[in-house]
Amino acid sequence: MTPFRFLVLVGITMTWGLHFSVIKSTVGDIPPIFYVTLRMALVAILLSPLLRWYPGQMRNIMLAGFFYGGINYVFMFSGLNFITASLGSILMQTYVPFAMLFSVLFLGEVIQWRRILGLILAFSGIFIIISAGGDLTGSDNLILGATLVVAAAACEAGATIFIRQTKGVPPLGILVWAGIIGALVTAPLTFFVESDQLAFWNSSVKWEVLSALSYSVLMASVVSGFAYYWLLQKVSVSQVASGTFMTTIFAVIFGVVLMNDPFTLQFLIGGLITMTGIAIIIIRNIKVKANIPFISPQGAARRRWK
């Protein structure tokens, strides 16, 4: 991890952390599912030169695109309409324990007590935070918003099951398909459940919405995605994994400073407990993988998570 590569990692996590505030500041001005539709369509257009057909891999790619490019963002953007950006960033970290659980259920992996402890801590911290209620968390509808964001994290974790079973497909190749499938999934959905999609165009928030959309497409998706996958080729996974924590830290800082999100002692304690649980899961995952020479994507060889 050279100084330049570390700065790249900081830039990526700062961009992703700020994205929570960008979404939160926008979803009240434009229907959230319509926002997702525009975002994913633009991502697909920008990455269209990378579009390829991958024989034998398209089933997993399309399922990953459905859960990651479509349903995940529908839940996430809709949920952030009800809760704060900082709380949303903490809740999205449940992606890590969900991914572990899905690996057990669908890939035949085995977990032991350290991972189980991490899972319990992660969800215990979430419970501590949301038990404060809507007033202390700055949420309009805490239970609904939290449920939607946790559902988004579960969908993102589910997408990894299909991504892990693809072979010979570059990450940005998956991203362009996620953009296409995400737009195809959310386009009809927005017209069934939302209305006045283009009302923002003739309002005073037009340029704010367009700026936020540009940030989501260019910075949060294309630029950061490219930089992230470039970084994975240069440094170890264990070093890049720290980005999970930096993204959340930046998201909370931006949420408190820019969005005036409440930052209470209960939020701090719950957040620290959750991130401790996430850290245990990530660290054990890295250590176990380092000792396994080969694992079939179909789970033919069972992993033992110690």
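Looking across Phe127, Phe191, one residue alone is open to solvent by 30 Å² or more (accessible area, probe 1.4 Å), without any contact (Cβ under 8 Å) to a residue 12 or more places away in the chain and in a helix (DSSP H, G or I). It is Phe191.
Evaluate segment 114-124: report whether one residue or more is closer than 20 Å to Met259 by Cβ, in contact with a Phe, Trp or Tyr (Cβ under 6 Å, 6 or more places away or on another chain) and assigned to a helix (DSSP H, G or I). It would help to see each step written out before you state the result.
Keep residues of segment 114-124 that are closer than 20 Å to Met259 by Cβ, which gives none.
Taking every residue of segment 114-124 in turn, none turns out to be closer than 20 Å to Met259 by Cβ, in contact with a Phe, Trp or Tyr (Cβ under 6 Å, 6 or more places away or on another chain) and assigned to a helix (DSSP H, G or I).
The single condition among (1) within 22 Å of the chain's Cα centre (by Cα); (2) assigned to a helix (DSSP H, G or I) that Asp261 does not meet is (2).
None of Tyr68, Tyr54 is open to solvent by less than 40 Å² (accessible area, probe 1.4 Å) and among the hydroxyl-bearing types (Ser, Thr, Tyr) except Tyr54.
Any chance segment 196-204 includes a residue that's without any contact (Cβ under 8 Å) to a residue 40 or more places away in the chain and not in a helix (DSSP H, G or I)? Looking for residues that are without any contact (Cβ under 8 Å) to a residue 40 or more places away in the chain and not in a helix (DSSP H, G or I), one finds at least one in segment 196-204, hence yes. Of the residues in segment 126-158, how many are at pLDDT 90 or above and farther than 21 Å from Phe75 by Cα? Total meeting the criteria: 1.
Could you go through segment 97-120 and let me know if any residue there is more than 16 Å from the chain's Cα centre (by Cα) and closer than 21 Å to Thr247 by Cα. There is at least one residue in segment 97-120 that is more than 16 Å from the chain's Cα centre (by Cα) and closer than 21 Å to Thr247 by Cα.
For segment 98-148, the set of residues classified as of a type in the set (Ser, Thr, Tyr) and under 20 Å from Ile278 (Cβ atoms) consists of Ser103, Ser124, Ser131, Thr137, Thr147, listed by residue number. When Gly28 is tested against the conditions (1) in a loop (DSSP other than H, G, I, E, B); (2) in contact (Cβ under 8 Å) with a residue 60 or more places away in the chain, the lone failure is (2).
Which residues, taken from segment 99-115, are hydrophobic (A, V, I, L, M, F, W, C) and either in contact with a strand residue (DSSP E or B) (Cβ under 7 Å, 6 or more places away or on another chain) or buried (at least 22 other Cβ atoms within 10 Å of the Cβ) (or both)?
Applying the first criterion (hydrophobic (A, V, I, L, M, F, W, C)) to segment 99-115 yields 99-102, 104-107, 110-111, 113.
The answer is Met100, Val104, Val110, Ile111.
Within segment 12-31, the set of residues being open to solvent by less than 30 Å² (accessible area, probe 1.4 Å) and small (Gly, Ala, Ser) comprises Gly17, Ser21.
The values are calculated or read from the model by the stated rules, or taken from the named source; none is laboratory data. Since the structure is predicted, the reported quantities are computational estimates derived from the model, not experimental observations. Neighbour counts are summed over all protein chains in view; Cβ atoms, including those assigned to glycine, are modelled from backbone coordinates with ideal geometry. Only protein heavy atoms, including side chains, enter the accessible area calculation; ligands, DNA and RNA are left aside. Shrake-Rupley method; radii C 1.70, N 1.55, O 1.52, S 1.80 Å.
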